[in-house]
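Chemist: Quick one: structure below, then a few questions.
The values are calculated or read from the model by the stated rules, or taken from the named source; none is laboratory data. These numbers were taken from a predicted model, which means no experiment stands behind them. Here the Cβ positions follow ideal geometry from the backbone for every residue, glycine too, while neighbour counts run over all protein chains shown. These area figures cover heavy atoms from the full protein model, side chains too; ligands, DNA and RNA do not enter into them. Shrake-Rupley method; radii C 1.70, N 1.55, O 1.52, S 1.80 Å.
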Amino acid sequence: MDYIEQMEKLFKFLDFNLEFEAVREIYNLKHRFNNDLNLFGCFIKDYLIIVNNKVSDDDNIYSDFVLYFESARKHYNDKDIINLLLRYSKYYLWLVFEEPEIEELEKPINTINSCFALDLYPCLMKLIDNFINQKIDGKYFSKMLQFIVDIVLKRFENPKIEINFDDILNQKINFERLVG
């Protein structure tokens, strides 16, 4: 996946559409991604899954982000939109570089990355955000992490297992049925 061209367009779009302070935040964010536009593109694709509840095609990440951004502007100010993006980018970088600020995440992240369960990143980012913003407590957070690790290991052993981690996070399926 080569997202370089799309991310260059994305940065130009944001540069033209945001106030100076927000543009500065975006360029600081680019720096936190070590100016790796492919990595940033992977983040944007996962971020769009969270905010749009659907997966963007690799060729449409730029246009899907622009549509999301313009739609979000109808309800939120630019600062709130950028702050949400920054918040989730922090979680994403914890996952990618395996350096979370929450000690409890270290082993689960190592396992998830070792099993190449990168499709799980959007779910984990939502779970982390729910925990940090106290929408769930520490006990539930721990149980969810352990459950996710168990499922990832089962899927690693048997790649035919299909699991929608967003459903798990939203408690739309019976946990016991999956692990039993």
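Chemist: Taking the range 110-140, which residues are open to solvent by 70 Å² or more (accessible area, probe 1.4 Å), of a type in the set (D, E, K, R) and not in a loop (DSSP other than H, G, I, E, B)?
Modeler: D119, K139, listed by residue number.
Chemist: Quick check on the range 149-176: of everything there that is closer than 23 Å to K90 by Cα and modelled with pLDDT of 90 or more, which residue is surrounded by the fewest Cβ atoms within 10 Å (Cβ to Cβ)?
Modeler: V149
Chemist: Something else about it: Tell me whether the range 70-81 contains one or more residues that are open to solvent by 80 Å² or more (accessible area, probe 1.4 Å) and in contact (Cβ under 8 Å) with a residue 12 or more places away in the chain.
Modeler: So far as the range 70-81 goes, yes, one or more of its residues are open to solvent by 80 Å² or more (accessible area, probe 1.4 Å) and in contact (Cβ under 8 Å) with a residue 12 or more places away in the chain.
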